[in-house]
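The values are calculated or read from the model by the stated rules, or taken from the named source; none is laboratory data. Since this is a predicted model, take the numbers as computed values, not measurements. Please note: Cβ atoms are built from the backbone with ideal geometry, for glycine as well, and neighbour counts cover all protein chains shown. Heavy atoms of the whole protein, side chains included, go into the accessibility calculation; ligands, DNA and RNA do not. Shrake-Rupley method; radii C 1.70, N 1.55, O 1.52, S 1.80 Å.
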Amino acid sequence: MDFSVLLRFFKARKFSYLTGFAFMFAASFIQTLFPRVLGSAVDLMKASGFAVRQVMFQVLWMTLIAAAVFVCTFLWRNIIIANARNLECYFREELVRHFLKLSPAFYNTRKTGDLIAYAINDISAVRMTFGPATAMSFNGIVICFSSVYFMFATVDARLTLITLAPLPFIILLMLFTGRKVQTRFRIVQNQFGAVSDRVQENISGIRVIKAYVQERSEMERFSALSSRMKQANLDLIRVSAALPAMIEFGFAICFVLNLVFGSRMVLRGEISIGMFVAFNGYLSLIVNPIVSIGRIVTIFQRGMASLGRLHDILRIQPDIQDLPQAADIQPDGPVELRDLTFHYDGTGTPALKDISLVLPKGHTLGIIGHTGSGKSTLASLLFRFFYVESGRIFLNGRDINGYTLEALRGGLGYVPQDTFIFAASVRENIVFFKDGYSEEEVREAARLSMIADSIGGLPEGYDTILGERGVNLSGGQKQRLAIARALIRNPAILILDDALSAVDAVTEGLILERLRQTRQGKTNILISHRVSAVMEADEIIVLDKGMIVERGTHAQLLKEGGLYYDIYTEQHEDGQSAYPKKA
Ligand SMILES: Nc1ncnc2c1ncn2[C@@H]1O[C@H](COP(=O)(O)OP(=O)(O)OP(=O)(O)O)[C@@H](O)[C@H]1O
């Protein structure tokens, strides 16, 4: 297992940890002085004609011990528990940083709920392990060792051995049970992932569920999952709950042995009554740490299971990374594709086949084709969302793999087919949480994308907080807001992937006209099902089953009378075209 994330954290905070452990050591050790002083006080009081001053002195000792334990405990708890919270925060940030690095191919095979479980449950289990559980173990070890030492050294070795005889059995039992806890906890975590995934899907798909009256069947599916999770938890509890009970039973035997043999030694005068009291005090002191071993083992086992799960995720290398010599300059201008063929993992048929094209700087390319013809795939390859071998895609004459991801994507503006609106203000959605854009720039981007009037109608204009995924906007408004987000960056190459599908024809025409005016000299790629969105492009390619089947200008393609012509005629009300189809 790779502990590098943990080690980095501990290294950075070693002084804080050392201070915390020093106070913890002091608190635990000082605590074990108490039974000795109590025993001495009892012996003093038992002696005939005892000196009150001496007893008062012992009482003062006990008060000082209690005060020192209080101060040291307060300090170590603050330091160690605060560090555990810092660890949790650090680990979660590392995980999310890793999630952000992973490419779309990773998310194709993972479920959201499961990934949420990593960020919440697993990290919390790691915090518990390296916070409370580590503190409890250290504290317990110091208390047990010093108590047993005092029992041996200052009371009686034989009595100590007899009384503590059940301890090895208790420890073996704990080790045996711990392994089972770890296995069962992994199952619980997986079930938790499945349940949260279902809840998440139900909430995001609530409209579809209602429209199809699927509430009952969804509830049944959810109940089945929830019961499975309950069962996994019950299986876990069955093992983990038995442990403390068994340990307490073991200790009850220790106390009985102590009572039988210790009292006999007092009666025989082998040990004083004060020593017997001190011995009992030590025995009581070690009960808590040893009873907590059950809890500690459970927490450790859970923590280790979670650490294993986190490790499995963290070691996944993003399949798309910067090459060592990658250029950190943003691409600009011409786009060239040479014989590009692309398969999605695990699919037999290529999503794109033998695609070659040259799009000069400042030109607009239109891509049209039926659903599933490969249009969005082409766009996502320009962003290196998926791996493409070198020698296939060139931007500005440089192979796409020769750019750093940040520079490459920084030079491209993208409005994907499924626009994503964040639960934030309209302004934040346009600037995308980046500082540095002026109010004028925000308003200009909104004007260009024809969303300014709609924003004016919102209760707080640009400061209106939008619902999750933009639920309080229409489909067309969401698309226009997403276009504003791309336009404010003024990218060298702008790609609109069916980004006007939900706006009416007049608005679409107005947006395209504004784009033509403002993006003079810049490169644009317009992907659409609709002829109206691409007809003004300098060149249009028609995709069918991943291949370019036609290319040319609008007029040329209509004259050809092929697929483009068919799409055009399908989309004009009366099915009539000014261009008669070629025989
Ligand atoms: N993540 C993926 N994994 C596997 N196959 C995929 C994936 N995304 C798309 N495909 C497949 O690749 C082919 C091209 O899909 P693509 O999304 O590029 O089509 P499109 O032309 O953009 O369609 P639409 O107009 O409906 O958006 C389709 O057969 C599709 O099923």
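Per the conditions (1) farther than 30 Å from residue 451 by Cβ; (2) within 16 Å of the ligand (Cβ to nearest atom); (3) exposed (fewer than 14 other Cβ atoms within 10 Å of the Cβ); (4) not small (Gly, Ala, Ser), the sole criterion not satisfied by residue 371 is (1).
Annotation note: of 463, 418, 435, the sole residue that is out of contact with any Lys or Arg (no Cβ under 6 Å at 6 or more places or on another chain), within 16 Å of the ligand (Cβ to nearest atom) and either at pLDDT below 90 or open to solvent by 70 Å² or more (accessible area, probe 1.4 Å) (or both) is 418. Could you give every pair whose Cβ atoms fall below 8 Å, whose first residue belongs to the range 329-346 and is under 23 Å from residue 489 (Cβ atoms) and of a type outside the set (Ser, Thr, Tyr), and whose second residue is outside any strand (DSSP E or B) and within 14 Å of the ligand (Cβ to nearest atom), counting only separations of at least 6 or pairs across chains? What qualifies is 335/382. When restricted to residues that are more than 40 Å from the chain's Cα centre (by Cα), within 21 Å of residue 395 (Cβ to Cβ) and not hydrophobic (A, V, I, L, M, F, W, C), the range 509-553 contains 5. Scanning the range 530-552 for residues that are surrounded by fewer than 20 Cβ atoms within 10 Å (Cβ to Cβ) and within 12 Å of the ligand (Cβ to nearest atom) yields 530, 544, 545, 547.
Within the range 323-348, which residues are modelled with pLDDT of 90 or more and either within 16 Å of the ligand (Cβ to nearest atom) or hydroxyl-bearing (Ser, Thr, Tyr) (or both)? Within the range 323-348, 337, 340, 341, 342, 343 meet the criteria.
From the list 276, 342, 251, the lone residue that is within 30 Å of residue 396 (Cβ to Cβ) and open to solvent by less than 40 Å² (accessible area, probe 1.4 Å) is 342. Any chance the range 152-161 includes a residue that's assigned by TED's automatic domain parsing to the domain that holds residue 33, open to solvent by 30 Å² or more (accessible area, probe 1.4 Å) and within 30 Å of residue 345 (Cα to Cα)? No, that holds for no residue. Residue 507 fulfils the conditions (1) outside the structural domain of residue 426 (by TED's automatic domain parsing); (2) within 16 Å of the ligand (Cβ to nearest atom) except for a single criterion, (2).
When you check residue 447 against the structure, is it basic (Lys, Arg), open to solvent by 40 Å² or more (accessible area, probe 1.4 Å), farther than 18 Å from residue 383 by Cβ and not in a loop (DSSP other than H, G, I, E, B), yes or no? Criteria met by residue 447. When the criteria are applied in full, residue 128 meets the requirement of being under 15 Å from residue 300 (Cα atoms) and in contact (Cβ under 8 Å) with a residue 40 or more places away in the chain. With respect to residue 169, determine if the residue is in a helix (DSSP H, G or I), more than 21 Å from residue 14 (Cα to Cα), within 16 Å of the ligand (Cβ to nearest atom) and touching a residue at least 12 places away in the same chain (Cβ under 8 Å). No, not satisfied. Note on the range 20-111: enclosed helices (runs of 4 or more DSSP H) holding 1 or more residues that are surrounded by fewer than 13 Cβ atoms within 10 Å (Cβ to Cβ) and more than 33 Å from the chain's Cα centre (by Cα) are 34-46, 52-101. For the condition closer than 30 Å to residue 114 by Cα, crowded, with 19+ Cβ neighbours inside 10 Å and either within 16 Å of the ligand (Cβ to nearest atom) or of a type in the set (Ser, Thr, Tyr) (or both), residue 292 does not qualify.
Pairs meeting the criteria (first residue in the range 485-501 and under 14 Å from residue 408 (Cβ atoms) and in contact (Cβ under 8 Å) with a residue 60 or more places away in the chain, second residue within 13 Å of the ligand (Cβ to nearest atom) and open to solvent by less than 20 Å² (accessible area, probe 1.4 Å), beta carbons under 6 Å, at least 6 apart or on different chains) are 495/379; 495/525. I'd like to verify a number: residues in the range 429-484 that are among the β-branched types (Val, Ile, Thr) and closer than 22 Å to residue 524 by Cβ, how many? Total meeting the criteria: 5.
Residues that are without any contact (Cβ under 8 Å) to a residue 24 or more places away in the chain and either more than 30 Å from residue 86 (Cβ to Cβ) or of a type in the set (Phe, Trp, Tyr) (or both) within the range 7-43 comprise 10, 15, listed in sequence order. Taking the criterion of being open to solvent by 50 Å² or more (accessible area, probe 1.4 Å) and more than 16 Å from the ligand (Cβ to nearest atom), the residues of the range 479-504 that qualify are 489, 490, 504.
Results for (1) modelled with pLDDT of 90 or more; (2) under 23 Å from residue 478 (Cβ atoms); (3) within 16 Å of the ligand (Cβ to nearest atom), shown as yes or no for each residue.
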{"residue": "362", "(1), (2), (3)": "yes, no, no"}
{"residue": "385", "(1), (2), (3)": "no, yes, yes"}
{"residue": "394", "(1), (2), (3)": "yes, no, no"}
{"residue": "404", "(1), (2), (3)": "yes, no, no"}
{"residue": "425", "(1), (2), (3)": "no, yes, no"}
